[in-house]
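Chemist: Can you keep this structure in mind? I'll have questions shortly.
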Amino acid sequence: MLRLWAAHWITAVLLSRTVAQYSSDQCSWRGSGLSHESHRRDVEQVYLRCSQGSLEWLYPTGAIIVNLRPNLERPPGHMAGLHVCIKPQVYSQGSHVYLEHEGDLRMLLSGQDQAQGAVRCFSLAQGALFVEAIPQKDISRRITAFQYELVPGRGPGAHMYPYLHTGSAPCKPCSDEEVLMAVCTSDFAGSGTFGGVAPATKKHNVVSVTLSRLFRQKSGMFVGGGARGRVWSGRLSVPARCSVHPGGAEHLLTGSIHFGEPWLGCAPLYKDFLRLYVRAEKAGVNPCQIDTN
């Protein structure tokens with residue numbers, strides 16, 4: 001029954017008129033259901049070609065299909081390795097968000113899930129987002145809004161992002177190749193020690209860190225201080241089942257930023273990383289050069 005209902009909506013895409021947009025670019029979209037209030041069965045196609053962005057649908061009526069693609073041309077086989085993660089704004093309401101593929105619908109975010117800011121991820125090869133307005137008489141205060149980002153399903157530290165996994169995220173260590181790549185390509189990289197750990201959600205904890213070296217960072221997540229600014233502090237998100245040990249040995253700390261939050265990726269002991277780095281440097285296989293002094 002659900003498949004037939006979805007197929008009816010997809011057919012409506014081909015038959016309905018083009019609905020006007022408030023604004024649109026390759027990364028973000030903003031539109032209004034008022035533009036087709038008199039045509040509640042309209043389905044609008046939205047195309048976004050960016051690694052991250054946002055959607056805001058004011059006064060939702062009918063439905064929209066959101067087609068997400070990377071902003072760079074990639075081999076067809078690489079698409080299977082990409083995932084889309086969406087995070088609704090806490091004020092988002094008025095719609096259900098489904099994953100649509102060949103007429104089948106699978107619920108991703110109900111209205112209640114959106115109010116909790118729940119993150120949901122799916123493989124890009126699984127289909128498009130189907131956002132359906134919940135029928136109601138008063139739509140004056142309804143806004144559906146969420147952020148999205150494209151996340152590699154493979155690579156350094158990808159296994160540490162729990163929202164990519166239906167179960168708990170595995171805590172296996174990174175391979176030597178992944179560690180060398182992580183220090184060169186991660187959103188942040190440095191060395192330091194773990195501090196206190198506090199629960200954030202059922203899926204992850206937040207741990208404070210103190211860094212003595214900072215090779216690279218985006219968005220100023222770590223704040224410098226101490227003598228000559230040689231110490232940096234910050235907080236990292238870690239999967240709940242992955243244990244960290246406050247104090248003690250120094251680790252290489254790498255990771256990625258998702259929806260403004262830094263997530264821990266590859267994190268071997270720093271002394272082990274140094275041995276690996278020096279060995280790779282002598283062999284001429286380092287993907288990049290860093291100052292380890």
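Chemist: Have a look at THR11, THR18 and point out the one that is modelled with pLDDT under 50, surrounded by fewer than 16 Cβ atoms within 10 Å (Cβ to Cβ) and not in a helix (DSSP H, G or I).
Modeler: Step by step, each of THR11, THR18 is checked, and only THR18 is modelled with pLDDT under 50, surrounded by fewer than 16 Cβ atoms within 10 Å (Cβ to Cβ) and not in a helix (DSSP H, G or I).
Chemist: Another one. For SER92, indicate whether it is within 19 Å of the chain's Cα centre (by Cα), over 20 Å from ARG69 (Cβ atoms) and surrounded by fewer than 21 Cβ atoms within 10 Å (Cβ to Cβ).
Modeler: Criteria not met by SER92.
Chemist: Please go through the range 257-293 and give me each residue that is assigned to a strand (DSSP E or B) and in contact (Cβ under 8 Å) with a residue 24 or more places away in the chain, ordered by number.
Modeler: Across the range 257-293, the qualifying residues are ILE257, HIS258, GLU261, PRO262, TRP263, LEU264.
Chemist: Please determine whether any residue of the range 179-193 is aromatic (Phe, Trp, Tyr) and in contact with a Pro (Cβ under 7 Å, 6 or more places away or on another chain).
Modeler: Yes: one or more hits.
Chemist: What are the residue pairs meeting all of these: first residue in the range 118-142, first residue in the same structural domain as HIS96 (by TED's automatic domain parsing) and touching a residue at least 12 places away in the same chain (Cβ under 8 Å), second residue of a type in the set (Val, Ile, Thr) and surrounded by fewer than 19 Cβ atoms within 10 Å (Cβ to Cβ), Cβ atoms under 6 Å, and 6 or more apart or on different chains?
Modeler: Here the result reads none, with nothing in the range 118-142 linked to a residue that is of a type in the set (Val, Ile, Thr) and surrounded by fewer than 19 Cβ atoms within 10 Å (Cβ to Cβ).
Chemist: Return the total of residues in the range 90-126 being within 23 Å of HIS159 (Cα to Cα), at pLDDT 90 or above and part of a loop (DSSP other than H, G, I, E, B).
Modeler: Of the residues in that region, 1 qualify.
Chemist: Does any residue of the range 182-197 turn out to be among the hydroxyl-bearing types (Ser, Thr, Tyr) and within 26 Å of GLU56 (Cα to Cα)?
Modeler: Within the range 182-197 (the criterion being among the hydroxyl-bearing types (Ser, Thr, Tyr) and within 26 Å of GLU56 (Cα to Cα)), the answer is no, since none of the residues qualifies.
Chemist: Name the strands (runs of 3 or more DSSP E) wholly inside the range 169-256 in which the number of residues that are exposed (fewer than 14 other Cβ atoms within 10 Å of the Cβ) and in contact with a strand residue (DSSP E or B) (Cβ under 8 Å, 6 or more places away or on another chain) is 1 or more.
Modeler: By residue number, 188-199, 223-225.
Chemist: Can you pull out every residue in the range 44-89 that is aliphatic (A, V, I, L, M) and modelled with pLDDT under 90?
Modeler: LEU72, MET79, ALA80, LEU82
Chemist: Starting from residues that are in a strand (DSSP E or B) and not charged (D, E, K, R), keep the ones in the range 127-145 and report whichever is surrounded by the most Cβ atoms within 10 Å (Cβ to Cβ).
Modeler: Among those that are in a strand (DSSP E or B) and not charged (D, E, K, R), it is THR144.
Chemist: Are there any pairs, at least 6 apart or on different chains, whose C-beta atoms fall under 6 Å, with the first in the range 194-223 and among the charged types (D, E, K, R) and the second modelled with pLDDT under 95 and part of a loop (DSSP other than H, G, I, E, B), and if so, which?
Modeler: Taking only residues 6 or more apart or on different chains, the pairs are LYS203/ALA240; LYS218/ASP187.
Let's see how each residue does on (1) at pLDDT 90 or above; (2) aliphatic (A, V, I, L, M); (3) within 25 Å of the chain's Cα centre (by Cα):
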site: PRO268; (1), (2), (3): yes, no, yes
site: LYS282; (1), (2), (3): yes, no, no
site: ILE290; (1), (2), (3): yes, yes, no
site: ASN293; (1), (2), (3): no, no, no
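Chemist: Let me ask something additional. So PRO152 fits all but one of (1) out of contact with any Gly (no Cβ under 7 Å at 6 or more places or on another chain); (2) of a type outside the set (A, V, I, L, M); (3) under 30 Å from GLU281 (Cα atoms); (4) at pLDDT below 90; what number is the exception?
Modeler: (1)
Chemist: Here's a follow-up. May I ask you to verify whether PHE222 is aromatic (Phe, Trp, Tyr) and either outside the structural domain of ASP272 (by TED's automatic domain parsing) or more than 27 Å from VAL285 (Cα to Cα) (or both)?
Modeler: Yes; evaluated as a whole, the condition is true for this residue.
The values are calculated or read from the model by the stated rules, or taken from the named source; none is laboratory data. This one's a predicted model, so the numbers in the text were calculated from it and none came from an experiment. Here Cβ is always computed from backbone atoms with ideal geometry, including for glycine, and neighbour counts include all displayed protein chains.
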